[in-house]
1. Explain nothing, just compute: Karplus ³J(HN,Hα) = 6.51 cos²θ - 1.76 cosθ + 1.60, θ = phi - 60°, for every residue of segment A:106-119 in order, whole Hz, x for Gly and Pro.
2. Which aspartates and glutamates have a Cα lying under 17 Å from the Cα of B:K158, excluding residues fewer than 8 positions away in the same chain?
3. Under 5 Å between amide H atoms, partner at least 5 residues away or on a different chain: which partners does B:I47 have, H built in plane at 1.01 Å?
4. Step by step: find N for the protein assembly as shown, compute 2.2 N^0.38 Å, then divide the Cα radius of gyration by it. What's the final number?
5. What percentages make up the Cα-Cα pair-distance distribution of chain B when the bins are 10 Å wide from 0?
6. Can you give the average number of partner chain beta-carbon atoms within 10 Å of each beta-carbon in peptide B:124-137, as a whole number?
7. Over 21 Å between Cα atoms: which of A:K31/A:K116; B:K31/B:K152; B:K116/B:K140 fall into that group?
8. Amide H of B:L90 versus every other amide H placed in the peptide plane: which residues, excluding those fewer than 5 positions away on the same chain, fall under 5 Å?
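Bear in mind these aren't lab numbers, they're just calculated from the coordinates by the rules spelled out. Everything numeric in this text was worked out from a predicted model, so none of it was measured. Note: ideal-geometry Cβ built from the backbone for every residue, glycine included; neighbour counts use all protein chains shown.
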Protein chains: 2
Amino acid sequence: MKMHNVFREMYNMNEFFMKKALEEAQKAFEKDEVPVGAVIVRNGEIIAAAHNSRELSKDATAHAEMLAIREACEALGGWRLLDCDMYVTLEPCSMCSGAILQARIERLYIGTMDPKGGAAGSILNLFENYHFNHKTEVIKGILEAECSQILKDFFKRKR
Amino acid sequence: MKMHNVFREMYNMNEFFMKKALEEAQKAFEKDEVPVGAVIVRNGEIIAAAHNSRELSKDATAHAEMLAIREACEALGGWRLLDCDMYVTLEPCSMCSGAILQARIERLYIGTMDPKGGAAGSILNLFENYHFNHKTEVIKGILEAECSQILKDFFKRKR
């Protein structure tokens, strides 16, 4: 069935890009940073890839999503990330969710949810019910087990 | 009356720092950027001062508050801006409000409110009712008329 194959291909593509975000999270893990990674994709191409580096860069704003957005703005030469999707291993906080809306990201693919700080449905949902002049579609649960496991491994090691 | 003088002095101090934020907003105005300015103060000293530069820097995250936070983190050599207050001419958006909480800013002094995008009471209030592991005190209406006027002048010129 043709339709079935299209959906299967889209699904695989989402897993492919989330794996790239996970590779970024792994880099953070190795630097003893909370392992969160993000990539930004435009027309099937990764234009930015970043991982959390708050501790090493000593910068409160250096979450994976923020760094990826800044990199993508530089790559595209403008602050509007039109037709861009973000894949991020962990549900974004308020700062990052706000930045995703500011940058006009089209679709946000989330690995696992963050019940303690997530702003895409956990402690609040900035992507619903607010009157922003942009709407970002949110798709949850891409490679959820892997995205969750890397965080569990990190915090287990920390204890 | 001694007590009266203490309050008067505090009031004047807040106006003094908001004037510095307004000077930053004026710099943005002159560069044809939406005129918003912010300063971060620690122990009565300005450790960071920045203005919105989203257009010129082509960076969706380059709001005045974000740039000031990054500058202050650099000045203090860490991502926790403990004992720091921010003065900003316009109510912060979700991204900036989230960053203010992430950076552990102690007090946030706001000039004028932003009914279209403000996240400190206008379209939502990130500083209330959410379970962040930090609480920032919010004080509104410092030099409100001046902070509002510079924005009105800017958008009048744009039309």
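1. Along segment A:106-119, the couplings run 7, 10, 10, 9, 10, x, 10, 8, 10, x, 8, x, x, 10 Hz.
2. Here the aspartates and glutamates satisfying the reach criterion relative to B:K158 are B:E30, B:D32, B:E33, B:E55.
3. Amide H neighbours of B:I47, under 5 Å, 5+ apart: B:I40, B:V41, B:R42.
4. Ratio of Cα Rg to 2.2 N^0.38 Å: 1.03.
5. 11, 42, 35, 10, 1, 0
6. Averaged over the peptide's residues, the number is 2.
7. Table pairs above 21 Å Cα-Cα are A:K31/A:K116.
8. The list, which skips near neighbours in sequence, is B:G37, B:G111, B:T112.
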